[in-house]
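Q: For reference, the structure I am asking about is given below.
The values are calculated or read from the model by the stated rules, or taken from the named source; none is laboratory data. The shown structure was predicted, so the numbers you read here are calculated from the model rather than taken from an experiment. For neighbour counting, all protein chains shown are included, and Cβ atoms are generated from backbone atoms with ideal geometry for every residue, glycine included. SASA here: full protein model, heavy atoms, side chains in, ligands and nucleic acids out. Shrake-Rupley method; radii C 1.70, N 1.55, O 1.52, S 1.80 Å.
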Amino acid sequence: MKSVEVCLGSACHLRGADKIVQIFMQKMEEYQLNAKLYLKGSFCLGHCSDAVIVQIGNETLKNVTPENANVVFENKILPYLRGENNE
Ligand code: FES
């Protein structure tokens with residue numbers, strides 16, 4: 001199963017990491033991806049000034065917000081699950 005990590009460290013938490021997790025979970029439900037994608041929380045990923053950090057395979061996404069989380073899911077996570085970008 002593929003996994004995506006959302007940083008839940010303090011800087012990311014302050015910028016809405018919990019909300020981003022909720023949005024990603026809603027999208028997983030909508031696209032019926034619960035058996036295909038493992039959404040993980042992580043400790044600080046070392047890019048606090050660019051919070052919120054989301055790790056998708058080899059790609060580290062910076063400045064993810066609750067406002068752009070839907071777009072990130074559609075444009076980054078869905079292609080990753082389809083094998084269209086880095087593992
Ligand atoms: S708290 Fe998220 S990168 Fe440091």
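Q: When you scan the stretch 2-14, do you find a residue that is more than 9 Å from the chain's Cα centre (by Cα), within 9 Å of the ligand (Cβ to nearest atom) and part of a loop (DSSP other than H, G, I, E, B), even just one?
A: yes
Q: Moving on to the next point. Considering only the stretch 54-71, how many residues are open to solvent by less than 20 Å² (accessible area, probe 1.4 Å) and either touching a Pro at 6+ places or on another chain (Cβ under 6 Å) or more than 17 Å from PHE43 (Cα to Cα) (or both)?
A: Summing the residues that are open to solvent by less than 20 Å² (accessible area, probe 1.4 Å) and either touching a Pro at 6+ places or on another chain (Cβ under 6 Å) or more than 17 Å from PHE43 (Cα to Cα) (or both) in the stretch 54-71 gives 1.
Q: Oh, and also: In the stretch 40-85, what count of residues is obtained for those that are within 13 Å of the ligand (Cβ to nearest atom) and among the hydrophobic types (A, V, I, L, M, F, W, C)?
A: 10
Q: Please determine, by comparing only the residues of the stretch 34-50 that are open to solvent by less than 60 Å² (accessible area, probe 1.4 Å) and in contact with a Leu (Cβ under 7 Å, 6 or more places away or on another chain), which one is farthest from THR65 (Cα to Cα).
A: LEU37
Q: Within the stretch 15-33, which residues are more than 16 Å from the ligand (Cβ to nearest atom) and either surrounded by 18 or more Cβ atoms within 10 Å (Cβ to Cβ) or of a type in the set (A, V, I, L, M) (or both)?
A: If the condition is that a residue be more than 16 Å from the ligand (Cβ to nearest atom) and either surrounded by 18 or more Cβ atoms within 10 Å (Cβ to Cβ) or of a type in the set (A, V, I, L, M) (or both), then ILE23, MET25, LYS27, MET28, LEU33 are the ones that fit.
Q: Any idea how many residues of the stretch 33-67 are polar (S, T, N, Q), free of Cβ contacts under 8 Å to residues at least 24 places away in the same chain and under 15 Å from LEU14 (Cα atoms)?
A: So in the stretch 33-67, the residues polar (S, T, N, Q) come out as 34, 42, 49, 55, 58, 60, 63, 65.
Cutting the leftovers down to free of Cβ contacts under 8 Å to residues at least 24 places away in the same chain gives us 34, 60, 63.
Then drop every residue that is not under 15 Å from LEU14 (Cα atoms), which leaves 63.
Adding up the residues that qualify gives 1.
Q: Taking PHE73 as meeting all but one of (1) of a type in the set (A, V, I, L, M, F, W, C); (2) out of contact with any Leu (no Cβ under 8 Å at 6 or more places or on another chain); (3) assigned to a loop (DSSP other than H, G, I, E, B), write down the number of the exception.
A: In the conditions (1) of a type in the set (A, V, I, L, M, F, W, C); (2) out of contact with any Leu (no Cβ under 8 Å at 6 or more places or on another chain); (3) assigned to a loop (DSSP other than H, G, I, E, B), PHE73 misses (3) alone.
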